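Engineer: Take this structure first; my questions come after.
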Amino acid sequence: MLTFRNTNIVFILLLVIVVCINIFVDLPFIIYPSMVFIYSGIVFYGCYFVESGFFLPMICFANTDKKEIAISFDDGPANQYTAEVLQVLNEQGVKAAFFCIGKRIRGNENLFQQIHQDGHLIGNHSYSHHSWFDLFSAKKMLKDLTMMDHEMERVIGVQPKLFRPPYGVINPNLKKAIIDGGYTPVGWSVRSMDTVIKDEKYLLDKISKSIKPGAVFLFHDTSKTTLAVLAAFIQKVKDSGYEIVRLDKMLHLKPYA
């Protein structure tokens, strides 16, 4: 399996071999930058494709033959669209997972409480969702995640166990923060791209084609396009004979600490 540890071992061994050969044979200098380029490409892949499990195992789908899926929303609670998304879910009798940003809870306490009271799962999506979050030290990352925990406990009295990384990026520092904080990292198997897709028909067609047993769909409750197609998507799921199950139940995970 391709992991950060295995990749480092292989490239260190390759570097030692190349250096030893270079002592006796003049090798083209391009070999060294080429190795750096290939190594960087592999690490980049591991950082940005959470399902790869490159740094640590990430739960992205359920290994099941049952006709069931889970839907999740990132980046709320938001003044726009979160309440409307909750209304659609309530009307359809669907329970979802909301990976929330801690700094957005203050001022939206009632909305945050409604997510919980409606029976939806709430997970940690960091406190700041800072643009440079991926460059934070492990200590600073853990502090950020803990701040989200405290906000959540302040409002609804429980702490999240499940964590989804901001921007879907994992690196060694975040791995350490996740382990030290005792979180369970959760990804997705279907990325809707609803933050960039504005064409409602195109989005609905795209996500409808991805319905399969155990799939975890990633949406954003900050997306107008998602709100516009959500009811139709849920109906397509039901018409296909599938059930939408709350993420923690489908993945058999403990939701709260």
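Engineer: Longest span of the chain, sites excluded, free of trypsin sites (Lys or Arg not before Pro) in DSSP loop with at most 11 other C-beta atoms within 10 Å?
Structural biologist: 1-105
Engineer: Follow-up. What are the ³J(HN,Hα) values, in whole Hz, obtained from phi via the Karplus relation 6.51 cos²θ - 1.76 cosθ + 1.60 with θ = phi - 60°, for each residue of region 62-74 in sequence order, with x given for Gly and Pro?
Structural biologist: 9, 7, 8, 9, 5, 7, 9, 9, 10, 10, 9, 10, 10
Engineer: Here's a follow-up. May I ask for the angle, rounded to the nearest 10°, between helix 138-156 and the longest principal axis of the chain, with both axes built from Cα atoms and the value confined to 0 to 90°?
Structural biologist: On a 0 to 90 degree scale, this one is about 10.
Engineer: Fully extended, how many nm does the chain gain between GLN159 and GLN87 (0.36 nm per residue separation, minus their Cα-Cα distance)?
Structural biologist: 23.5 nm
Engineer: With point charges of +1 on the Cβ of Lys and Arg and -1 on the Cβ of Asp and Glu, referenced to the Cα centre of region 77-125, which listed residue (GLY119, GLN80, GLY107) lies farthest in the positive direction of the dipole?
Structural biologist: Positive-end residue among those listed: GLY107.
Engineer: Using Cα pairs closer than 8 Å and at least 6 residues apart in sequence, work out the relative contact order for the chain, in percent.
Structural biologist: After rounding, I find 28 percent.
Engineer: Using the Cα atoms of region 2-107 to build a convex hull, what is its mean projected area in square nanometres?
Structural biologist: Result: 11.4 nm².
Engineer: Right, another one. Per residue of the chain, what 222 nm ellipticity follows from adding -39500 (n - 2.57) for every DSSP H run with n ≥ 4, rounded to the nearest 500?
Structural biologist: Rounded to the nearest 500, it is -14500 deg cm²/dmol.
Engineer: For PHE99, what is the net charge nearby, where nearby means another residue's Cβ is under 11 Å from its Cβ and Lys, Arg count +1, Asp, Glu -1?
Structural biologist: With Lys, Arg at +1 and Asp, Glu at -1, the net is -2.
Engineer: Past 23 Å, Cα to Cα: identify those pairs from LYS103/LYS201; LYS198/LYS236; LYS140/LYS224, in the order given.
Structural biologist: Flagged as over cut-off: LYS103/LYS201; LYS140/LYS224.
Engineer: Hey, another quick one. Which FRET efficiency value, to the nearest 0.05, is calculated for ARG106 and ASP239 with the Förster distance at 35 angstrom and r the Cβ-Cβ distance?
Structural biologist: Result of the calculation: an efficiency of 0.30.
Engineer: Most fluctuating residue of ILE207, ILE170, ILE71 in a GNM of the chain with Cα springs under 10 Å: which is it?
Structural biologist: ILE207
Engineer: Measuring from centroid to centroid over Cα atoms, what is the spacing of region 154-177 and region 202-257 in Å?
Structural biologist: When both Cα centres are located, 21 Å separates them.
Any read-out appearing in this document is the output of simple, stated calculations on the displayed coordinates, not a laboratory observation. These figures come from a predicted structure and were not determined experimentally. So basically every Cβ, Gly included, is an ideal-geometry build from the backbone, and we count neighbours across all protein chains shown.
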